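Take a look at the structure below.
The values are calculated or read from the model by the stated rules, or taken from the named source; none is laboratory data. Bear in mind that the values here come from a model prediction, so they are computed numbers and not experimental data. Here the Cβ positions follow ideal geometry from the backbone for every residue, glycine too, while neighbour counts run over all protein chains shown. Note: accessible area is taken over every heavy atom of the protein model, side chains too, but ligands, DNA and RNA are not part of it. Shrake-Rupley method; radii C 1.70, N 1.55, O 1.52, S 1.80 Å.
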Amino acid sequence: MEQKDKMLSKIESFRLPGFNEIPDVGLFLEQTTKYISNILTPLEGITITSSMISNYVKRKLIKNPVKKQYDREQIAYLIFIAVAKSVLSLENIQLFIALQTKSYTAEVAYEYFCREFESILRCVFERRAVPEMSGTKDRNTELKNMLRNTIITAVHKVYLETFFATLDEEIEE
């Protein structure tokens, strides 16, 4: 039971960095990978590697790095991609990003993603109902709804991965 409590406390204190908290000094590939991996460590089943990032650049999910360095916007997209790829195909993620860029800046989209992700993560791990989507309905409601459903699915996957990992550790003890 102690192991489960430890896992839950990691999740309860989990927080994605705000857009302006992401380094904008330009990180090289290995630095970018390490930075994002450190953020996502508490989330079982959500990973990113240097080869994944290189693949996302080749597939044009994010812009090419400038002088081999990734900026704040690219890192924000990579955090989203790392979460979304656990439940969506890369083709659907690419479409998602294309739709998002027509409606919102990267900063606005990322901040909304962070708020929704953290809220839903806590609801799922605390076994509370996920509240209905708030705010006024506008032409982007469907995009927000798609994002929300992606997050809900990814969070449920993290929940399952976390508890399977906890059970596995308990069995080994």
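Only a single item in (1) under 17 Å from residue 92 (Cα atoms); (2) within 15 Å of the chain's Cα centre (by Cα) is not met by residue 157, and it is number (1). For region 84-102, the set of residues classified as of a type outside the set (A, V, I, L, M, F, W, C), touching a helix residue (DSSP H, G or I) at 6+ places or on another chain (Cβ under 6 Å) and farther than 21 Å from residue 45 by Cα consists of 100 only.
When we screen 99, 121, 90, 147 for residues that are in contact with a Lys or Arg (Cβ under 8 Å, 6 or more places away or on another chain), among the hydrophobic types (A, V, I, L, M, F, W, C) and touching a residue at least 24 places away in the same chain (Cβ under 8 Å), the only hit is 90. The one condition from (1) assigned to a loop (DSSP other than H, G, I, E, B); (2) in contact (Cβ under 8 Å) with a residue 40 or more places away in the chain; (3) open to solvent by less than 50 Å² (accessible area, probe 1.4 Å); (4) not polar (S, T, N, Q) that residue 15 does not meet is (3). Screening the candidates 136, 166, 105, 141 for the property of being of a type outside the set (A, V, I, L, M, F, W, C) and at pLDDT 95 or above yields one hit, 105. In region 30-51, the count of residues that are among the hydrophobic types (A, V, I, L, M, F, W, C), touching a strand residue (DSSP E or B) at 6+ places or on another chain (Cβ under 9 Å) and modelled with pLDDT of 95 or more is zero.
Scanning region 25-54 for residues that are surrounded by 14 or more Cβ atoms within 10 Å (Cβ to Cβ), over 18 Å from the mean Cα position of the chain (by Cα) and part of a loop (DSSP other than H, G, I, E, B) turns up just one, 26. Close Cβ contacts (under 6 Å, 6 or more residues apart or on different chains) running from residues in region 42-70 that are over 20 Å from residue 88 (Cα atoms) to residues that are among the small types (Gly, Ala, Ser) and open to solvent by less than 20 Å² (accessible area, probe 1.4 Å) comprise 69/26.
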